[in-house]
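The values are calculated or read from the model by the stated rules, or taken from the named source; none is laboratory data. Everything quoted here is computed from the prediction, not taken from an experiment. For neighbour counting, all protein chains shown are included, and Cβ atoms are generated from backbone atoms with ideal geometry for every residue, glycine included. With ligands, DNA and RNA removed, areas are computed over all heavy atoms of the protein, side chains included. Shrake-Rupley method; radii C 1.70, N 1.55, O 1.52, S 1.80 Å.
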Amino acid sequence: MRTELAGKAVLVTGGASGIGLACAEAFRAEGARVGVIDRQDGLGVVRADVTDEPALAAAVDTVARRFGGLDAVVGCAGISGPVGTPMSATTAADVARVLAVNVTGQFLLVKHALPWLADGGAVVLLGSDSAFTAAPGMVPYCASKGAVVAMTRALAVEVPGIRVNCVCPSVVDTPMARADLGAVLDDPAFPVQAAGDVARQVLFLASPASRPVNGQALLADFGMSAR
Ligand code: NAD
């Protein structure tokens, strides 16, 4: 089946697990050519840590050269850090580690992908509803996701010809959320979305269907923040 994304060259970070893996699969199902960068092994993964600038730059070049350029870049690599840890027990090192992956890692991805991105290309970053709705014990993570939303706007106004948006889901059933929240995810009263749901939000923001949308955060939280 021919779709708007058929044949497009897409780079996904964090594509060995969770939302990134679902995004890679969803783009492939649309007929896109997909390259994945992750720090852990996975099918067809180019290994790099997004906080290691030379390694990340080389990995981006490897994927982009294989495709002769990029049409879309999706930043899913991220960590949650010390979730459930009170402020008093959170260290500067905890904050620095979360910001390094979730903020600097996304910045470096866009920086090194930009020279390869075609005019009209799209960047989609993973934010979180934690940018807007706080829960106790998540100060570094909330700070990092607020920064992703602000960085999305800043990149959108700075980079002509490229759209930059982010998706901000509430809890998604992935290995990260399982590790942080455990059995809470199985409570039918707790609103949880699947990684495939987020992948469809990402696909929309990467496709021509969202052409006028730029610098935005798509808050997908079952309306919880509207209460
Ligand atoms: P996940 O742990 O299942 O997958 C994250 C992937 O990123 C892993 O494959 C991991 O190896 C990779 N990664 C982590 N640090 C990296 C680094 N330094 N360099 C390269 N790769 C690295 O997590 P997920 O739930 O799929 O999260 C993906 C993104 O979605 C994250 O940015 C997360 O903050 C965001 N998010 C998740 C949820 C949720 O509830 N799961 C909700 C909102 C936003």
- Roughly what would the spin-label model give for Ala57 and Ala189, points 7 Å off Cα along C-beta, in nm? 5.3
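Among the complete DSSP H segments of the chain, which ones combine at least 27 Å of alpha-carbon extent along their axis with a mean Kyte-Doolittle hydropathy of 0.5 or more? Please list the in-between numbers first.
Values: long enough: 139-158 (28 Å, 0.86).
Result, helices passing both filters: 139-158.
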- Item | Amide proton proximity set for Gly35, modelled H, under 5 Å, gap of 5+ | Val10, Leu11, Val12
- Item | Label-point separation in nm, Ala89 to Ala135, each point 7 Å along Cα→Cβ | 1.6
- Message: For the chain, set up a GNM with springs between Cα atoms under 10 Å and report which of Met176, Met87, Met151 has the largest fluctuation.
- Response: Met87
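Take every Cα pair under 8 Å in the chain that's 6+ residues apart, average their separations, divide by the length, and report that relative contact order as a whole percent. Numbers along the way, then the final one.
Values: 462 pairs, mean separation 47.3, N = 227.
For the chain, the relative contact order is 21 percent.
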- Item | About the Cα centre, charge dipole magnitude for region 152-211 (Lys/Arg +1, Asp/Glu -1 at Cβ), debye | 400
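May I ask you to give the solvent-accessible area per residue for the chain, in square angstrom, as obtained with a 1.4 angstrom probe?
Result: 45 Å² of accessible area for each residue.
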- Note on the structure: Amide H proximity to Leu218 below 5 Å, modelled H, separation 5+ or other chain, gives Cys166, Val167, Cys168
- Query: Once amide H atoms are placed 1.01 Å from N in the peptide plane, what residues at a sequence separation of 5 or more from Val123, or on another chain, have their amide H within under 5 Å of its amide H?
  - Reply: Val73, Arg163, Val164, Asn165
- Computed about the Cα centre, the charge dipole of region 1-150 from +1 Lys/Arg and -1 Asp/Glu charges at the Cβ has a magnitude in debye, to the nearest 20, of 160
- Query: If you build a Gaussian network model of the chain, linking Cα atoms that sit under 10 Å apart, which residue out of Gly15, Gly120, Gly105 swings the most?
  - Reply: Gly120
- Task: Please work out the FRET efficiency for the pair Ala209 and Ala96, using the Cβ-Cβ distance as r and a Förster radius of 35 Å; give the result to the nearest 0.05.
- Result: 0.35
- Would you work out which of Asn102, Ala92, Ile162 lies farthest towards the positive end of the dipole of the chain, given +1 charges on the beta-carbon of Lys and Arg and -1 on that of Asp and Glu, about the Cα centre? Ile162
- How far is the Cα center of region 1-72 from the Cα center of region 74-145, in Å? 19
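How many percent of the accessible area of the chain is carbon or sulfur, using a 1.4 Å probe? Present the calculation step by step, with values, prior to reporting the outcome.
Numbers: 5960 of 10290 Å².
That share works out to 58 percent.
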